[in-house]
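First comes the structure, then the notes that go with it.
The values are calculated or read from the model by the stated rules, or taken from the named source; none is laboratory data. Predicted model only: the values in this text are computed from it and were never measured. Neighbour counts run over all protein chains shown; Cβ positions are idealised from the backbone, glycine included. What goes into the accessible areas is simple: the full protein's heavy atoms, side chains included, and nothing from ligands, DNA or RNA. Shrake-Rupley method; radii C 1.70, N 1.55, O 1.52, S 1.80 Å.
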Amino acid sequence: PPVLCVDKAVVSTQSTGIEGKAGKPRLKPPFPADVGVFGCPTTVNNVETIAVAPTICRRGGDWFKSFGRERNSGTKLFNISGHVNCPTTVEEEMSVPLKDLIEVHAGGVIGGWDNLLGIIPGGSSTPVIPQSVCSTVLTDFDALVEAKTALGTAAVIVMNKDADIIRCIARLMHFYQHESCGQCTPCREGTGWMARILYRMVEGKAKMEEIDMLNEISYQVEGHTICALGDGAAWPAQGLIRHFRGEIEDRIRKYQEDLEPRRAVKS
């Protein structure tokens, strides 16, 4: 049978593209193992899984399970980018502290750990966590779920205090708006709504009640689409509101304060 080495979340989109059709996800079942590319059974695995399989076969499953915590065993490829001194990709054991991962392998945060604003621990679709959480959290599935984020692809994006966190999340939302295939209405419309609200929040040209409106829209998108792109678009907005709501409110207040003198002159 055909073998696709891609992210499982996008396999149906990839297979329809290979078939020459519009790249849109299919409803499951049937699953690719039964009906995949050109209607044939298709084996789906991540490249990372296939790459580590020979070593597991050679050294044994117990060796691989010796890394990390129970239920989170093995190794993982971590890609560390953003405001670090040495961006890198490194294979590390699961459950290593996030702070140690950045300090040891990426040369630390630019400006030092105290200059850290937040980290997106599992790729752009996972919720951002603030410095207070980053200092103690472990990099495995269970620990990051407890921190209300996710390990995801383990693509760690580091942002120090030079970053405009609202603008960063707005830019991510613009990406998801652009990448939406348009098949599912919540994703097609919701990503655009969230992007427009966030870009207004960057300037402060929003109302306080729109923060809760943005949060509500994100939950209307999450879980209501065929593929996981809708979830991936919703979670960054939820993480921003959960941990950086104060920054959004301050931005809106500042815009309103700057607007008052101009209103007085006009009147």
So which residues in region 147-156 are open to solvent by less than 10 Å² (accessible area, probe 1.4 Å) and not β-branched (Val, Ile, Thr)? LEU151, ALA154
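More than 30 Å from CYS134 (Cβ to Cβ), of a type in the set (S, T, N, Q) and at pLDDT 95 or above: is that true of THR185 in this structure?
On the way: more than 30 Å from CYS134 (Cβ to Cβ): yes; of a type in the set (S, T, N, Q): yes; at pLDDT 95 or above: yes.
Judged against the criteria, THR185 is a match.
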Cross-chain or 6+ apart pairs with Cβ under 6 Å, region 64-85 first and farther than 13 Å from ILE120 by Cβ and among the aliphatic types (A, V, I, L, M), then in a helix (DSSP H, G or I) and at pLDDT below 95: LEU77/GLU48
For region 60-156, please list each of the helices (runs of 4 or more DSSP H) lying entirely inside it that holds at least 1 residues being under 16 Å from the mean Cα position of the chain (by Cα). 131-134, 141-146
Residue list for region 12-32, restricted to those being touching a strand residue (DSSP E or B) at 6+ places or on another chain (Cβ under 7 Å) and open to solvent by 60 Å² or more (accessible area, probe 1.4 Å): GLN14
When region 120-146 is examined, which residues are found to be open to solvent by less than 50 Å² (accessible area, probe 1.4 Å) and within 19 Å of GLU93 (Cβ to Cβ)? PRO121, GLY122, CYS134, VAL137, LEU138, THR139, ASP140, ASP142, ALA143, LEU144
Output the qualifying pairs, or none if there are none: Cβ atoms under 6 angstrom, residues six or more apart or on different chains, first residue in region 26-43 and outside any loop (DSSP other than H, G, I, E, B), second residue open to solvent by 60 Å² or more (accessible area, probe 1.4 Å). VAL37/ILE18; THR43/PRO1; THR43/VAL3
Residues of region 176-195 satisfying the condition of being over 19 Å from PHE244 (Cβ atoms) and under 19 Å from the mean Cα position of the chain (by Cα): GLN177, HIS178, GLU179, SER180, CYS181, PRO186, CYS187, ARG188, GLY190, THR191, GLY192, TRP193
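Within region 185-205, take every residue that is of a type in the set (D, E, K, R) and out of contact with any helix residue (DSSP H, G or I) (no Cβ under 7 Å at 6 or more places or on another chain) and give me the one that is most open to solvent (accessible area, probe 1.4 Å). So that I can check it myself, show each step before the final result.
Start the filter on region 185-205 by keeping residues that are of a type in the set (D, E, K, R), which leaves 188-189, 196, 200, 203, 205.
Going one step further and asking which of them are out of contact with any helix residue (DSSP H, G or I) (no Cβ under 7 Å at 6 or more places or on another chain), we end up with 188-189, 196, 200.
Details: ARG188: 100, GLU189: 71, ARG196: 132, ARG200: 82 Å².
Among them, the one singled out is ARG196.
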Within region 67-88, which residues are touching a Ser or Thr at 6+ places or on another chain (Cβ under 9 Å) and open to solvent by 80 Å² or more (accessible area, probe 1.4 Å)? ARG69, PRO87
